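To start, the structure itself, in structure tokens.
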Amino acid sequence: MEKKKILVVDDSRSIREAICQILGSDYQIETAADGDAAIAAAKTFRPDLVLLDINMPGPDGYAVCQELRSEPLSDFIKILMVSNRTKLDERLKGYQSGADDFIGKPFVPEELLAKVRVFMRLKTAEDELQRLNEALNEQVAIRTRQLLDAEKMAAVGRYAAGIVHNLSNPLQAIMGIAQLLAIRNPDEKNIMRLRKAAAQMKKIIGTILNTCHRESIEALVPIDLNEMIRDQIELLRADPFFKHQVQTITELTPVPTYKGIYLHFSQSIGNLIKNASDAMYESETRILNIKSGMEGEEIVIRISDSGCGISEERLDRIFNPFYTTKPLTAEDARPTGTGLGLASGREMIESYGGAITVESTLGKGSRFTVRLPVKKETAR
């Protein structure tokens with residue numbers, strides 16, 4: 001660990017040497033013999049603590065203290081005045097100049113060392129608090145951008161749902177005309193292709209509208225988890241990479257309906273499926289396997305991929321909010337992320353008494369397992 005820095009300012013060489021002898025083994029020391037040298041040294045040395053004499057050539061200790069406190073980065077520097085001026089009015093003048101404390105001359109070495117250690121602990125605590133505060137501000141800024149983006153996407157979603165709904169009538173007309181053409185021209189293959197494409201569009205529109213409707217309901221409702229999984233897969237097929245590059249294998253066996261808020265499960269499991277797809281972006285083999293079934297009194301859903309895998313040191317952090325290896329934005333089709341999907345998904349599943357676990361092998365892929373207790377309809 002790097003030693004903390006102390007700037008010793010005193011016009012007496014013997015006092016500077018004495019302080020260096022007392023503190024030199026525990027701290028990194030720099031010295032200055034006058035006020036101007038002290039100000040210059042503080043700007044380059046960036047001390048954690050300054051031991052400052054009052055009577056010295058050039059600017060006195062009070063002026064040096066005021067100059068140091070005027071620096072933008074000096075708020076957390078500790079300044080201790082070491083002087084024989086210990087009367088109340090002199091101490092008050094020192095405090096008004098920005099000093100944190102006084103040590104009288106002649107000083108006792110043990111007291112000097114003890115007081116320096118106290119202020120260094122305080123400095124360390126303040127530095128850590130500053131670091132945490134900066135990290136919190138950064139996370140708040142990120143979260144604010146995410147909330148604004150989410151609001152924008154919600155508005156886009158509302159408009160999209162309206163647009164999709166309005167597509168139903170013209171699509172129905174296309175399907176009707178295509179059916180008439182098929183009756184008149186039963187051997188025309190292009191008409192059959194038209195009918196098939198229209199049927200696919202109808203299915204996509206129905207999935208989008210049903211999902212939007214279900215996710216808008218905040219009440220507890222019986223959920224067909226297998227149907228929800230199929231809908232999430234169908235929605236992801238709007239992504240060209242998922243549609244054309246990922247081989248999806250589903251083994252969905254019957255499970256009881258689960259009472260909950262539909263959005264909680266569509267988001268949680270939808271994020272797991274999307275993350276599995278993203279993990280295979282640079283893989284040569286891209287196989288997504290989704291299984292569901294009963295194990296004892298639990299509904300178990302397993303989502304496996306043949307992607308990049310997760311290292312052991314990262315496994316403990318992947319459920320931490322804002323932890324992600326994906327960029328927030330990308331100019332190409334590369335997957336992006338905020339680091340909130342897994343964290344919020346686990347929180348929602350755990351609110352029902354369930355759990356999400358992960359197994360992974362670096363370079364081979366990962367498997368996420370969702371377990372939901374069937375006896376507890378909800379534990380919200």
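Where a number appears in this text, it was derived from the coordinates with a stated rule and is not lab data. Computed from a predicted structure; not experimentally measured. Positions of Cβ are generated from backbone atoms using ideal geometry, with glycine treated the same way; all protein chains shown enter the neighbour counts.
Stretching the chain fully between SER12 and ILE204 yields a gain of 60.6 nm (0.36 nm per residue, less the alpha carbon separation). Among rounded, prolate and oblate, which fits the stretch 90-138 when a ≥ b ≥ c are the square roots of the eigenvalues of its C-alpha gyration tensor, a/c under 1.5 means rounded, and a/b larger than b/c means prolate? Taking the square roots of the gyration eigenvalues as a ≥ b ≥ c, the stretch 90-138 is oblate.
Sorted fewest first by neighbouring Cβ atoms within 10 angstrom, CYS20, CYS308 come out as CYS20, CYS308. Fewest neighbouring Cβ atoms within 10 Å first, the residues LEU51, LEU288 line up as LEU288, LEU51.
Its Cα centre serving as origin, the stretch 5-107 has a Cβ charge dipole (Lys and Arg +1, Asp and Glu -1) of approximately 120 debye. Full extension of the chain between ALA40 and ASP316 yields a length gain of 94.7 nm, computed as 0.36 nm times the residue separation minus the alpha carbon distance.
R0 = 51 Å: FRET efficiency of LYS259 with VAL108, Cβ-based, nearest 0.05? Computed FRET efficiency for LYS259 and VAL108 comes out at 0.10. Ordered by the count of other Cβ atoms within 10 Å of each Cβ, fewest first, TYR281, TYR262 give TYR281, TYR262. Paramagnetic label reach from TYR281 (point 7 Å along Cα→Cβ; backbone nitrogen cut-off under 14 Å): within the stretch 217-253, residues 240-242. A simple spin-label model places pseudo-atoms 7 Å from Cα toward Cβ; at LEU252 and ASN185 they are separated by 3.7 nm. For the pair ILE177 and VAL300, label points projected 7 Å from Cα toward Cβ lie 5.3 nm apart.
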